[in-house]
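Below: the structure, in structure tokens.
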Amino acid sequence: MSEAGLVARHSREFLAAFGGRASPRIFFAPGRVNLMGAHLDYNGGPVMPTAIDRGTFVAVRPRIDARVVLASTLDGTRAEFELGSLPETRAGRWADYPVGVLREILLLAEAQGARGVGLDVLFGGNLPVGAGLSSSASICVGSAFALDAVYGLGLSRLELVNAALRAERGFVGVQCGIMDPYAVGLAREGALLWLDCKDRTSEYLPLDHDRVTIGVADTGVRRELAQGAFNERVGQCRAAFEALRRHQPDATCLRDIRFETLAAHGDELEPPIARRAQHVIHEVARTFSARDALRRGDAHGFGAEMVRTHESLRELFEVSVPELDVLVASAVATPGVHGARLTGAGFGGCAVVLLERGAEAEVADRLTSDFERAFGRAPVVEFFGGDGGPREIEVV
């Protein structure tokens, strides 16, 4: 369905959910897929994400009272509360994400001397939840942009991105790095975002969509139960850094640890901690190599680094699952594919494939047949265009 069709449908769904005649304002925030820099964002390393043309629609209409009602087309549930008594702790539901953002935006509004008003809000879209395409950042960034517009705060794009990040870290409790909200909020169509998560500098690297395209194969293995395992990896990386920085006092994050420091002192770490450090330190080097390949137009060289990354995620970071391994192996064995790896945090979700334009049908057929043979069901294989980032969309 076209974007206009999706917007019109979401507007109808809003009126069906909340009634009334006044149409809502509708905002969109894309998902993202990260091509290189796996699990580097919270370790201060570089990452290379790009936004995709699927995401979250947020329909918003002010109320005449101070009540906030959040609803979702994904499961039909609602959350309701008064602006003056927002939840202080998370409930373990999808509404935690927009509630956390609302808390942050209201603080920014208060700093301006502005006041919030009650709202009816409907969330929907076409981005698979829990697939590793950053549905949480899409919801948070989309909420921030919508609230800023409705409340008339005029916050910068970067302020909104950081509000979304604080919400996910602080209220929701996911110890994520900066990549996901930055990739969504700072997206530019037709480009990869090179983001250095240590100093938050960024640049846009062109991706020749006339030559290559991005495929995403969804295993159907949802990641709702993976938050604890993700937070465990964050803690293990932190432990590795604290142990190794004693031997390298100039280091400010795990990304700074040099190969020779790890080689000389890695045996002081518990084996799982050492494996996490090995992945991170080598992934930093792979990501710089991938950037060099992209700059010289070497898509196959870029793809080779993706494959090496997946091997490291499987063996050293231990976040892959058999379904992801089958998809990656199947992809790289198909003509026209430059590279593939799991994307997102892992533990399920999706594999991303970089392939020559024109090879989509052959790649989809191969991935589907191999996956069905192994698991008795078909993956969802889709090919994505880029996206220009969060925006308000006019309701026609």
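The values are calculated or read from the model by the stated rules, or taken from the named source; none is laboratory data. Because the structure is a prediction, the values reported are computed rather than measured. Please note: Cβ atoms are built from the backbone with ideal geometry, for glycine as well, and neighbour counts cover all protein chains shown. Note: accessible area is taken over every heavy atom of the protein model, side chains too, but ligands, DNA and RNA are not part of it. Shrake-Rupley method; radii C 1.70, N 1.55, O 1.52, S 1.80 Å.
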Practice item. Could you work out how far helix 96-111 tilts from the main Cα principal axis of the chain, as a 0 to 90 degree angle to the nearest 10? Key: 70
Exercise for review: Report, in deg cm²/dmol and to the nearest 500, the calculated mean residue ellipticity at 222 nm for the chain, where each DSSP H run with n ≥ 4 adds -39500 (n - 2.57) and the sum is divided by the residue count.
Suggested key: -13000 deg cm²/dmol
Practice item. Taking 7 Å along the Cα-to-C-beta vector as the label spot, tell me the R391-A91 distance in nanometres, rounded to one decimal. Key: 3.4
**Study point:** Sites matching trypsin sites (Lys or Arg not before Pro) across region 268-298 that sit in DSSP coil, with at most 14 neighbouring C-beta atoms within 10 Å
**Key:** R296
Check your understanding: Of all GluC sites (Glu not before Pro) in region 1-91, which ones are in loop regions per DSSP and have a Cβ with at most 11 other Cβ atoms within 10 Å?
Key -> E88
Study note, to complete from the structure: Note to self: with every protein chain in place and a 1.4 Å probe, the chain gives an accessible area per residue in Å² of 40
Exercise for review: Kindly express, to the nearest 10 degrees and within the range 0 to 90, the angle between helix 360-375's C-alpha long axis and the longest C-alpha principal axis of the chain.
Suggested key: 80
Check your understanding: Antiparallel as a % of all DSSP beta bridges within the chain, to the nearest 5?
Key -> 90
Review point. What is the local net charge at H209, summed over the other residues whose Cβ is closer than 14 Å to its Cβ (Lys, Arg +1; Asp, Glu -1)?
Key: -4
Check your understanding: Tally Lys and Arg at +1 and Asp and Glu at -1 over the other residues with C-beta under 12 Å from the C-beta of F241: what net charge comes out?
Key -> +3
Review point. Which entry in (i) -0.29, -1.50; (ii) -0.45, -1.22; (iii) -0.32, -1.35 matches log10 I(q)/I(0) by the Debye sum over Cα atoms at q = 0.07, 0.15 Å⁻¹ derived from the coordinates of this structure?
Key: (iii)
Exercise for review: Note the angle between two axes, namely the Cα long axis of helix 157-166 and the longest principal axis of the Cα atoms of the chain, as a number of degrees from 0 to 90, rounded to the nearest 10.
Suggested key: 80
Revision key, fill the gap. Rounded to one decimal in nm, the spacing of the 7 Å Cα→Cβ label points at R9 and F81 is 3.1
Practice item. Just need the relative contact order of the chain here, percent rounded to a whole number, with Cα pairs under 8 Å and 6+ apart. Key: 23
